[in-house]
């Protein structure tokens, strides 16, 4: 009997990509579905207008990549503000953050990750290709998507691939 292929999930952020490079990176990683876990489906700045919900969905559709929104996995405004305060304390900007604050990790895990059933997301993962958890930060470890991916790996045995700009 052939060995069962390990299922994978990817993570990807918007920052430091343009629309063309974003789609190319998804294609290279064999992503066939994007799972948007942002609270706000818009990104400030004209260089990221392509990542605003409607434009992003059109871009992905043209590239034959599915799109699903999972707001239940997005951080609350209160959690985002907690992280911003820690960023300010450390003197780093949201776009240059490299890690999440320990208190943010603890509270996101308790308030969201421990409460949201992940089975619906698992059932929505594509049969062909892989799904990619998407948010905005360039570095996965600076974003809640890394926490979701780690939980999926732990609970469902998924291999995690972080797609990051070069």
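The values are calculated or read from the model by the stated rules, or taken from the named source; none is laboratory data. The structure displayed is predicted, hence computed values, not measured ones. Note that we place each Cβ from the backbone using ideal geometry, even for glycine, and neighbour counts take in every protein chain shown.
Which residues, counting only those in segment 57-73, are surrounded by 14 or more Cβ atoms within 10 Å (Cβ to Cβ), out of contact with any strand residue (DSSP E or B) (no Cβ under 7 Å at 6 or more places or on another chain) and over 20 Å from residue 119 (Cβ atoms)? Answer for segment 57-73, where residues must be surrounded by 14 or more Cβ atoms within 10 Å (Cβ to Cβ), out of contact with any strand residue (DSSP E or B) (no Cβ under 7 Å at 6 or more places or on another chain) and over 20 Å from residue 119 (Cβ atoms): 59, 63. For segment 27-48, state whether one or more residues are modelled with pLDDT of 95 or more, surrounded by 16 or more Cβ atoms within 10 Å (Cβ to Cβ), in a helix (DSSP H, G or I) and within 15 Å of the chain's Cα centre (by Cα). Among the residues of segment 27-48, not one is modelled with pLDDT of 95 or more, surrounded by 16 or more Cβ atoms within 10 Å (Cβ to Cβ), in a helix (DSSP H, G or I) and within 15 Å of the chain's Cα centre (by Cα), which makes the answer no.
Kindly provide the set of residues from segment 122-166 that are closer than 9 Å to residue 12 by Cβ, in contact with a helix residue (DSSP H, G or I) (Cβ under 6 Å, 6 or more places away or on another chain) and not in a loop (DSSP other than H, G, I, E, B), ordered by number.
First, pick out the residues of segment 122-166 that are closer than 9 Å to residue 12 by Cβ: 132-135, 140, 145, 162-164.
Remaining after also requiring in contact with a helix residue (DSSP H, G or I) (Cβ under 6 Å, 6 or more places away or on another chain): 133, 135, 140, 162-163.
Passing the criteria: 133, 140, 162, 163.
For segment 107-121, a residue qualifies if it is assigned to a helix (DSSP H, G or I) and touching a helix residue (DSSP H, G or I) at 6+ places or on another chain (Cβ under 8 Å), and the qualifying residues are 107, 108, 109, 111, 112, 113, 121. Within segment 92-102, is there a residue that is touching a residue at least 40 places away in the same chain (Cβ under 8 Å), under 26 Å from residue 157 (Cα atoms) and loosely packed, with under 14 Cβ neighbours inside 10 Å? Looking for residues that are touching a residue at least 40 places away in the same chain (Cβ under 8 Å), under 26 Å from residue 157 (Cα atoms) and loosely packed, with under 14 Cβ neighbours inside 10 Å, one finds at least one in segment 92-102, hence yes. Check segment 75-85 and report whether any residue there is free of Cβ contacts under 8 Å to residues at least 24 places away in the same chain, buried (at least 17 other Cβ atoms within 10 Å of the Cβ) and not in a loop (DSSP other than H, G, I, E, B). Taking every residue of segment 75-85 in turn, at least one turns out to be free of Cβ contacts under 8 Å to residues at least 24 places away in the same chain, buried (at least 17 other Cβ atoms within 10 Å of the Cβ) and not in a loop (DSSP other than H, G, I, E, B).
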